[in-house]
Amino acid sequence: MPKVVDHEQRRRQIADAMWRVIAREGMAAASARSVAAEGAWSLGAVRYYFTSQDELLRFAIDQMIEGVTARVRHQWRTGSPGEERCRRVLEELLPFDERRTGEVRVWLAALVQSQVDPSLTDLCQAGWRGTRLVCRGVVAEVRGEDRLFAQVVADPDPPLPPKLEKAAELLHTVVDGLTLQASTMPDAVDEREVRRQLSRYVSAVRTGEWSG
């Protein structure tokens, strides 16, 4: 009997292979041929699912955003409210294991590529909005603003009140900075140091040190 292929699963597997190639060798190396070699598929098999490299890249980035979003939501649902849960939520955005390191490197490559490829602009904007939403949720939670936290979860578009929104902006900048440093200079800024800084900044939000 011929093997039944789950086509959606295969598309995700191909996207995973593309992440690994980009994380290891950069965006320029992520051709259909190199992705096929990474997954031990034929070139025709990859082209059957994705007719162009751009289509594959968009799918891979979209899958990455969906995966990070799902993990963040899981942390919000399963943890007890407070600083510890907020740190775990933010850590889903940071390169603390092979999977997240690959995601971050793909994301950085996509940001660079979007400067010359406007078709990626919407995905990059969606990723930015997602990170800002997470930071708003963290600020509302650690400041004990239950009503505002519920608002962020229900409708992510409206900003927080000005002082809290400023704290969310600063936290967003810190998370982006830690992400960049940890992924590009892991020897200088290792996981332990990133966790220490993240904890300090979340505490600064709670105490009102960051109040705009």
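Top mean-square fluctuation among Gln125, Gln75, Gln181, Gaussian network model of the chain, C-alpha springs under 10 Å?
Gln125
Using the basic label-point model (7 angstrom from Cα toward the beta carbon), what is the Ala188 to Thr121 distance in nanometres?
For the pair Ala188/Thr121, the computed spacing is 3.3 nm.
Find which of Ser52, Met64, Thr121 sits farthest along the positive direction of the dipole of region 1-136, computed with +1 on the beta-carbon of Lys and Arg, -1 on that of Asp and Glu, about the Cα centre.
Met64
Just report the Cα centroid separation between region 147-168 and region 1-73, whole Å.
Going from one Cα centre to the other spans 35 Å.
Given labels modelled 7 Å from the Cα in the Cβ direction, how far is it in nm from Glu84 to Val153?
Once both label points are built, they end up 1.9 nm from each other.
For the chain, modelled as a GNM with alpha-carbon contacts under 10 angstrom, which of Gln115, Gln197, Gln53 fluctuates the most?
Its mean-square fluctuation being the largest, the pick is Gln115.
Just the accessible area per residue of the chain, please: how many Å² with a 1.4 Å probe? Please report the intermediate quantities before stating the final value.
Working: 11530 Å² over 212 residues.
So the chain comes to 54 Å² accessible per residue, rounded to a whole number.
Answer rounded, prolate or oblate for region 121-212, using the Cα gyration tensor with square roots of eigenvalues a ≥ b ≥ c: rounded when a/c is under 1.5, else prolate when a/b is larger than b/c, else oblate. Each step should come with its number before you reach the end.
Details: a/c = 2.44, a/b = 1.35, b/c = 1.81.
Taking the square roots of the gyration eigenvalues as a ≥ b ≥ c, region 121-212 is oblate.
Within the accessible area of region 29-117, what % is carbon and sulfur when the probe is 1.4 Å and the other protein chains stay in place?
Details: 2230 of 4520 Å².
Roughly 49 percent of what the probe reaches on region 29-117 is carbon or sulfur.
Can you match Rg and Dmax of the Cα atoms in Å to one of these, (i) 16.2, 49; (ii) 18.8, 66; (iii) 18.6, 57, based on a calculation from the structure here?
Only one listed value fits the structure, namely (ii).
Under a plain spin-label model, where a point goes 7 Å from the Cα along Cα-to-Cβ, how far apart in nm are Asp54 and Asp97?
3.5
The values are calculated or read from the model by the stated rules, or taken from the named source; none is laboratory data. Just so you know, these numbers come straight off a predicted model, no measurement behind them. Cβ atoms come from the backbone with ideal geometry, glycine included; neighbour counts cover every protein chain shown. Just the protein is used for accessible areas: all its heavy atoms, side chains included, with ligands, DNA and RNA removed. Shrake-Rupley method; radii C 1.70, N 1.55, O 1.52, S 1.80 Å.
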